[in-house]
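Bear in mind that the values in this text are calculations on the coordinates, not laboratory data. This structure is a prediction, so every number in the text was calculated from the model and none was measured. Heads up, the Cβs are rebuilt from the backbone with ideal geometry, glycines too, and the neighbour counts pull from every protein chain shown.
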Amino acid sequence: MDISVTETPAPTTRSLTLRGRFDAHEAPAFRDALDAAMDNGHHDLAVVLTDVEFVDSTALAELVRGMKRCREAGGDLALVSPSDPVRVILELTKLDAAFTIR
Amino acid sequence: MKPPTTNSETDLLAGALVETNDQLLGLYDLVSLTIESLDEQRAVLAILDRAKSILGADALLLRADRNYSIGPPNDVAALEAVHRIPVQAGDSSATSVPVQTPDGTTVDLGALRKSSPFGTADKKLLGAVGKMLVGAIHRARMHQAGLDQAVKARDHDTASELAQRALPRWRPESGRLDLFAHSSPARAAGGDLFTFALVDDTFHFVVGDVSGKGLPAALMMTTTISASNAAFASVGESGAAAILTTIDSWVYETLADAGLFVTLLVGSYNLTSGILQTCNAGHSPVGIVRNATFQPLAAQLPPIGVLPVESVEACTHQLGPGDRFIAASDGLVEQLNMVGGMFGDERLEALLVSDAMCADGLGKAVFAAVSDFAGAEPQGDDRTLLTFFADPGESSC
């Protein structure tokens, strides 16, 4: 999986774009990228999932962890344009009700 | 023809030859040292001890992420004091050499010899000792990392075995319930779970999947099973919603603190009335097979541990003869084969609606089909299936 972090005009916001499979093997890299953004004061994160082919439960747990961390800091973690396979998983697990999805 | 050399030049040349010879002998002595221990401290101290002898030094001090020294405490202290500042030109009784480590950092090997100053050959020898020390430390740490990994793998196996023992092995004895429940754990302990209880005339059950793998997932799996069993006992015949909210109240904080969640399907099936109540917190696939059609039961709320459950209403279903209830885990659906294909929902649903005389026959057919599909591809995740046939009547396998 590729992760790219993009700056946005708002100083507290960062965009993380993921590509490929997002599973237990890739979760640590995502956690590192998210923690680095949070530690640098970016509490509003947009995770772009357009090109993610697959997510497993470990990956979903990382997204939930990130969402909670952002909200505790007064921000939010939004899922942006999830691909069809990801959207299906979010709907099946009803996690679409927990996340902000744009 | 070379010009004749003076006595002083001859002395210098002879001195250099002796020094070179001493250096070679020292190196030979050093490399013939057999390091018999893979323990870092023992290996390092063995090398320092031999180097101290070869160099005729009073003390040696290796400054790395962990310091090692050899020699009388006063001499080591003197060496530490000297090394606090760069070694001065007049400080000829002490010397130090930088040594590059495999990870690119630099450590420092210092030596103290009060009897005579260190020469060029001594410093070269000290450099060789430094490289030998760094190699020994690297080897010992690689060995330790291998051991740690083996211990971790063993811990995962143990966790997986212990977690499996938390699953119920008994089956309710009732002519009105034909039940199959089985979980097959993957190599890296996952978090699939099921448990059930027969309270009077009601069959309470839970099927779930803790996110993640390894020890945390296995621990949360057993915690959720314990909470479910306690909830079955405490809510009596109150039904699925009460069981789910009770489980949530007991495990939410622990899950949230651990950064985990558990998908949970809670059911209460009255054997007399045939009424089934379900509460689905993010679990799939779940459904009822009726008239050879799989009717999925969608999740009503996110998995437990994501957000606190404030209120939930159970869904009610009237089961009749021939109806089958199904709760599986994603490990069945998402199993890959050798060419990267996924078993998928369609294959599973085709099996679930197929002719089967009993729940046990259906369950075994599902596990066999997924296993055949995977071939030599390793099991990617836990596989779990709980199914029961409503009002089984005389049907049997």
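Worth a mention:
- Averaged over peptide A:62-69, the number of partner chain Cβ atoms lying within 10 Å of each residue's Cβ comes to 4.
- For the segment A:87-96, counting C-beta atoms of other chains within 10 Å of every residue's C-beta and taking the mean gives 6.
- With the simple spin-label model, which puts each label point 7 Å out from Cα in the Cβ direction, the A:D76 to B:D257 separation comes to 2.9 nm.
- Alpha carbon Rg of chain B, scaled by the compact-globule rule 2.2 N^0.38 Å: 1.66
- Other residues whose C-beta falls under 15 angstrom from the C-beta of A:R69 contribute a net charge of -3, scoring Lys and Arg +1 and Asp and Glu -1.
- With R₀ fixed at 25 Å, the C-beta to C-beta distance from B:D108 to A:A36 puts the FRET efficiency at about 0.20.
- Burial order of peptide ranges B:379-389, B:216-226 (average beta-carbon count within 10 Å, highest first): B:379-389, B:216-226
- With 0.36 nm allotted per residue and the present C-alpha distance subtracted, the B:S234-B:M338 stretch has 32.8 nm of extension available.
- Once both labels are positioned 7 Å from their Cα atoms along Cα-to-Cβ, the gap between B:A376 and A:I101 label points is 4.0 nm.
- Summing Cβ point charges (Lys, Arg +1; Asp, Glu -1) relative to the Cα centre of the protein assembly as shown gives a dipole of roughly 1240 debye.
- Kyte-Doolittle mean at least -0.5 and Cα axial length at least 20 Å: DSSP H helices in chain B: B:7-31, B:40-55, B:120-165, B:214-235, B:240-258, B:359-374
- For segment A:2-101, a Kirkwood radius taken over Cα pairs fed into Stokes-Einstein (25 °C, viscosity 0.890 mPa s) yields D = 186 µm²/s.
- Prolate/oblate/rounded call for segment B:166-390, Cα gyration tensor, a/c under 1.5 rounded: oblate
- Of the residues B:V97, B:V235, B:V286, the one that moves most in a GNM of chain B with alpha-carbon contacts below 10 Å is B:V97.
- Cα point-scatterer Debye curve for the protein assembly as shown, base-10 log of I(q)/I(0) at q = 0.10, 0.12, 0.13 Å⁻¹: -0.83, -1.02, -1.13
- If R0 is taken as 41 Å, the Cβ-Cβ distance between A:T50 and B:E161 corresponds to a FRET efficiency of 0.50.
- Structure remark: mean-square fluctuation, Gaussian network model of chain B, C-alpha springs under 10 Å; the largest value among B:L193, B:L45, B:L179 belongs to B:L45.
- Taking a ≥ b ≥ c as the square roots of the eigenvalues of the alpha-carbon gyration tensor, segment B:270-333 is classed oblate because a/c is 1.5 or more while a/b is no larger than b/c.
- For chain A, a crude dipole built from +1 on the beta carbon of Lys and Arg and -1 on the beta carbon of Asp and Glu, taken about the Cα centre, is about 260 debye to the nearest 20.
- Per-residue average of Cβ from other chains inside 10 Å of A:50-59: 4
- Mean Cβ count within 10 Å, highest first, over the residues of peptides B:48-60, B:160-172: B:48-60, B:160-172
- Förster radius 45 Å - calculated FRET efficiency between B:K364 and B:L45 (Cβ-Cβ, nearest 0.05): 0.15
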